[in-house]
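Just below is one structure, and these are the notes that go with it.
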Amino acid sequence: MSKKSISGRNLEDSITSDDILGKEVIDIEGKFIGVVEKVLIDPKNIEIIGIEVDKGFLKKGLSIGRSYIDKITDVAIFLKIRVAYEIKGMTVFDKIGAKVGIVSEVELVEGRNKIKNIHVRKGMGKKEMIISNDLIETIGHNIILAVKEDKI
Amino acid sequence: MGMKNHHRITKSEGELLSTLDLKKLLRLKVISNKGLVIGKVSQIRIHQAKMHIEGILVSRGFFKKPIYIGSSYISKFSHASFLLNVEPSVLLKGKTVINSQGEKIGKVKEIIRKEHSNQIEKLIIRSFLKKDFELKISNIKSIGNSVIINPNHHVEKKYFWKKS
């Protein structure tokens with residue numbers, strides 16, 4: 001028996017929150033970020049504004065805005081971006097490959113996926129360094145800076 | 001003998017202090033262009049006739065094959081490390097392969113390269129209970145944490161018991 005509809009449009013191609021919840025979230029590099037825990041809806045416009053991702057046991061959840069979602073498939077949700085927060089814990093090398101420290105915190109520009117500064121810890125009991133995004137040359141498996149450590 | 005106390009016999013070559021002691025470059029970290037620490041320099045190989053560095057042998061610890069990397073893939077080196085201008089493609093072995101839907105379809109078993117260069121021609125993918133299959137580089141969308149297949153490429157996986 002077909003369901004009644006009062007939407008005024010064809011809803012057959014639409015997906016439901018059940019189709020999104022529990023799906024794996026994959027970033028642009030093919031990294032598995034976590035699984036969708038919640039679908040976030042704007043109460044005024046009644047529009048989906050993002051998703052909340054469960055990153056696993058003892059890890060903080062992550063909210064991702066709709067504009068960063070590339071596509072939703074039957075199996076996963078692909079992002080258009082590499083999540084800036086994922087650089088936490090990466091090793092930072094300077095221009096000549098000397099180890100500077102480990103990323104302990106990431107500051108973003110107005111909550112967007114744009115890095116403003118990274119906080120780098122050199123070791124136990126040592127002062128944290130704040131490095132501006134302008135000094136970062138490459139972010140990959142780890143971070144390579146565009147300058148030598150003494151120029152930070 | 002200290003470096004300050006030496007005779008100098010050079011023509012157009014730079015002074016001693018402007019050069020690096022090869023011995024001090026041994027055991028340095030080798031880092032890819034994406035910041036991956038590949039291993040440590042175990043040997044620096046010199047071209048006998050041309051008298052320049054031809055390549056480095058990178059040791060990666062127990063049970064892992066060392067990698068000989070030609071100087072054309074070295075971007076720079078210093079007293080701190082050797083920086084490469086590539087991500088060695090041999091390290092793709094074991095990476096997860098996913099299709100455009102996000103399904104995990106296997107892992108990289110072998111990397112077929114253009115001769116001995118870093119250029120990938122195709123990957124051999126293995127998948128549980130399925131036959132190995134080839135994936136040409138043209139059918140790969142991106143290589144990062146995983147290998148993502150192009151949306152227009154359909155992979156037909158065959159089980160062991162199916163005849164080809």
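The values are calculated or read from the model by the stated rules, or taken from the named source; none is laboratory data. Just so you know, these numbers come straight off a predicted model, no measurement behind them. Methodologically, a virtual Cβ is constructed for each residue, glycine included, from the backbone with ideal geometry; neighbour enumeration extends over all protein chains shown.
Please go through the range B:97-121 and give me each residue that is away from chain A (no Cβ under 11 Å) and among the aliphatic types (A, V, I, L, M), ordered by number.
Across the range B:97-121, the qualifying residues are B:Val108, B:Ile111, B:Ile112, B:Ile120.
Hey, can you tell me all the residues within the range B:142-164 that are in contact with a strand residue (DSSP E or B) (Cβ under 8 Å, 6 or more places away or on another chain), surrounded by fewer than 10 Cβ atoms within 10 Å (Cβ to Cβ) and at pLDDT 80 or above?
Matches in the range B:142-164: none.
When residues of the range B:44-65 are filtered for being surrounded by 16 or more Cβ atoms within 10 Å (Cβ to Cβ) and in a loop (DSSP other than H, G, I, E, B), how many remain?
So the answer is 1.
Determine if the range A:98-117 includes at least one residue that is farther than 18 Å from B:Leu36 by Cα, within 13 Å of chain B (Cβ to nearest Cβ), more than 13 Å from the chain's Cα centre (by Cα) and not basic (Lys, Arg).
no
Kindly indicate whether any position in the range A:9-22 is in contact with a strand residue (DSSP E or B) (Cβ under 9 Å, 6 or more places away or on another chain), within 14 Å of chain B (Cβ to nearest Cβ) and among the acidic types (Asp, Glu).
yes
Go through the range A:138-152 and report how many residues are within 14 Å of chain B (Cβ to nearest Cβ) and surrounded by 15 or more Cβ atoms within 10 Å (Cβ to Cβ).
So the count comes out to 10.
Provide a single number: the residues in the range B:51-78 that are under 19 Å from A:Ala146 (Cβ atoms) and touching a helix residue (DSSP H, G or I) at 6+ places or on another chain (Cβ under 7 Å).
1
Restricting the search to the range B:76-96, which residues are in a strand (DSSP E or B) and either within 9 Å of chain A (Cβ to nearest Cβ) or basic (Lys, Arg) (or both)?
Answer for the range B:76-96, where residues must be in a strand (DSSP E or B) and either within 9 Å of chain A (Cβ to nearest Cβ) or basic (Lys, Arg) (or both): B:Lys76, B:Phe77, B:Ser81, B:Phe82, B:Leu83, B:Thr96.
With respect to B:Lys136, is the statement that it is exposed (fewer than 14 other Cβ atoms within 10 Å of the Cβ), of a type in the set (Lys, Arg), without any contact (Cβ under 8 Å) to a residue 12 or more places away in the chain and more than 14 Å from chain A (Cβ to nearest Cβ) true?
No.
Every residue in the range A:57-88 that is within 12 Å of another protein chain (Cβ to nearest Cβ) and either among the charged types (D, E, K, R) or farther than 22 Å from B:Ile98 by Cα (or both), please.
Of everything in the range A:57-88, those that are within 12 Å of another protein chain (Cβ to nearest Cβ) and either among the charged types (D, E, K, R) or farther than 22 Å from B:Ile98 by Cα (or both) turn out to be A:Asp70, A:Lys71, A:Asp74, A:Arg82, A:Glu86, A:Ile87.
Tell me whether the range A:69-90 contains one or more residues that are free of Cβ contacts under 8 Å to residues at least 40 places away in the same chain, closer than 29 Å to B:Asn85 by Cβ and over 17 Å from the mean Cα position of the chain (by Cα).
no
Among the residues of the range B:1-46, count how many are in contact with a strand residue (DSSP E or B) (Cβ under 7 Å, 6 or more places away or on another chain) and among the charged types (D, E, K, R).
5
Please tell me if A:Asp54 is within 14 Å of chain B (Cβ to nearest Cβ), under 25 Å from A:His141 (Cα atoms), within 19 Å of the chain's Cα centre (by Cα) and surrounded by 10 or more Cβ atoms within 10 Å (Cβ to Cβ).
no
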